[in-house]
Amino acid sequence: MSNLTQNLVNPNTQPLVIGDFSIRQDENGRYCLNDLHKASGNDQKHFPAYFLRNQQTKDLISLIESENYDLKKKKKKKQAVNTVKGKGKEQGTYVVKELVYSYAMWISAKFHLTVIRAYDAMVMQWQINDRQSISP
């Protein structure tokens, strides 16, 4: 299993695991599309760059980022997509959760369902661990 980059925004976050792959996150909690691509079977036709060039994907990114716009500072609070180049193991394209679902749908219904179930399992594990950390 590959390693998960610690999410510094929420250090209690459980890793998103799909099959034998642990999906890395950047410091803002975005998930690595490159890891998802490997988990989906690493088919060349599903390369993340092809997904990001799709007009429907571009429209979704614009909508997500418009909702994250800070009117007072006139800038984006958080980018929906962040590409890290040339930083060894950190490099990759990182996206928000909604784009993870969209990417999985773009690949296949089966992979989409796998991602939904993996994300649900991760959230449930986080909730269980959170409850255990509460002391009377």
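Measuring against 18 Å, Cα to Cα, the residue pairs Lys38/Lys89; Lys58/Lys78; Lys45/Lys85 contain Lys45/Lys85 as the ones spanning a longer distance.
Work out the P(r) tail for the range 34-127: percent of alpha carbon pairs separated by more than 22 Å, whole number.
Cα-Cα pairs of the range 34-127 separated by over 22 Å account for 37 percent.
Since every read-out is calculated from the coordinates, none of them should be taken as a lab result. From a predicted model like this one, the values you see are computed outputs, not experimental measurements.
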